1. Please determine, by comparing only the residues of the stretch 1-26 that are out of contact with any Leu (no Cβ under 8 Å at 6 or more places or on another chain) and in a helix (DSSP H, G or I), which one is surrounded by the most Cβ atoms within 10 Å (Cβ to Cβ).
2. Suppose we filter S217, S178 for residues that are in a loop (DSSP other than H, G, I, E, B), among the hydroxyl-bearing types (S, T, Y) and either crowded, with 19+ Cβ neighbours inside 10 Å or on the phi > 0 side of the Ramachandran plot (or both); which single one remains?
3. Looking only at the stretch 61-84, how many residues end up being under 12 Å from A119 (Cβ atoms), open to solvent by less than 30 Å² (accessible area, probe 1.4 Å) and hydrophobic (A, V, I, L, M, F, W, C)?
4. Quick one: is K118 over 25 Å from L227 (Cβ atoms) and open to solvent by 10 Å² or more (accessible area, probe 1.4 Å)?
5. Residues in the stretch 147-185 that are within 16 Å of the ligand (Cβ to nearest atom) and among the acidic types (D, E): how many?
6. S34 fails exactly one of the following numbered conditions: (1) under 22 Å from I213 (Cβ atoms); (2) open to solvent by 30 Å² or more (accessible area, probe 1.4 Å); (3) modelled with pLDDT under 95. What is the number of that condition?
7. Any idea which of (1) free of Cβ contacts under 8 Å to residues at least 60 places away in the same chain; (2) within 19 Å of the chain's Cα centre (by Cα) is the one W11 doesn't satisfy?
8. Could you please find all residues in the stretch 38-92 being farther than 19 Å from E19 by Cβ, within 18 Å of the chain's Cα centre (by Cα) and of a type in the set (D, E)?
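The values are calculated or read from the model by the stated rules, or taken from the named source; none is laboratory data. Not measured: the values here are computed from a predicted model. For neighbour counting, all protein chains shown are included, and Cβ atoms are generated from backbone atoms with ideal geometry for every residue, glycine included. These accessible areas exclude ligands, DNA and RNA; they are computed on the full protein's heavy atoms, side chains included. Shrake-Rupley method; radii C 1.70, N 1.55, O 1.52, S 1.80 Å.
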Amino acid sequence: MADKKYIIGNWKMQLAPAESVKQAEQLKKLLSKSRLPSEMQVAVAPDFLSWIKVAEVLRGSKIQLASQDGWWADKGAYTGEISLAMLKKLGCTYAIIGHSERRQQVNETNELINQKIKAALLYDLVPILCVGETFADRKEGRKEVVIIQQVHAALNKVDILPQQTLIIAYEPVWAIGSGQACDPQEAKHTALVIKQAMLDVLEDQDLPLVEIIYGGSVDKNNIKNYLAIPEIKGALVGGASLVADNFMELIKQA
Ligand code: PGA
């Protein structure tokens with residue numbers, strides 16, 4: 001069987017609940033009419049307010065559910081949080097963890113991200129760990145160091161069972177929502193850096209379980225350039241996942 005490819009739509013806080021439901025219904029309809037190769041994995045990550053409704057709409061479809069975040073403890077006194085364990089019970093497949101917007105806007109630390117990665121694997125979710133440098137990191141020559149440190153911290157003492165998958169999304173912060181996507185050759189180079197960092201931190205664990213995807217201004221016109229690179233197994237898509245027709249076109253191009 002061909003290698004799996006992952007296209008994950010991150011809706012962030014961009015849609016009102018009614019819009020999310022409508023978007024899910026349209027996407028389900030469009031996808032049911034298309035012949036999606038079995039190696040293509042398509043998922044969407046709605047905001048938590050819309051999440052259960054979207055999950056109901058997508059039940060039985062080819063579209064899987066992802067969460068934009070999730071708390072590590074299964075339950076308890078954690079005001080405002082939603083646990084990865086609860087999400088799993090509601091049919092979630094993937095959990096985006098450590099998105100740069102959370103690292104920057106709510107000061108999510110590498111230590112917390114590490115706890116969340118461990119919890120996601122414990123509850124049998126596929127974590128999508130986001131790593132990436134800021135424009136300042138890049139200008140000051142720290143890009144690779146920053147990424148290696150993020151990978152090492154997030155995967156510190158993480159055990160991945162042979163049947164489990166971990167996805168790492170390379171998301172240069174400057175490329176997110178800017179319309180300025182990273183050059184595919186640079187994304188390839190960074191994927192190799194991430195792979196090496198993973199090898200160092202996971203030591204004797206099997207690498208094939210870890211898939212690298214790219215995110216940052218991916219659209220229907222440039223998706224092919226990333227998927228043409230053997231080291232890149234898919235994309236995390238923000239803006240271009242918000243309109244069903246557009247997202248469907250991107251999936252077709254992929
Ligand atoms: P973008 O967002 O596609 O809008 O750049 C990507 C992301 O934040 O994952």
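1. S20
2. Numbers: S178 fails: either crowded, with 19+ Cβ neighbours inside 10 Å or on the phi > 0 side of the Ramachandran plot (or both).
Only one candidate passes the filter, namely S217.
3. Residues meeting the conditions: 2.
4. Details: over 25 Å from L227 (Cβ atoms): yes; open to solvent by 10 Å² or more (accessible area, probe 1.4 Å): yes.
Yes, satisfied.
5. Final tally of qualifying residues: 2.
6. Here S34 meets the rest and fails (2).
7. The single condition W11 does not satisfy is (1).
8. E39, D69
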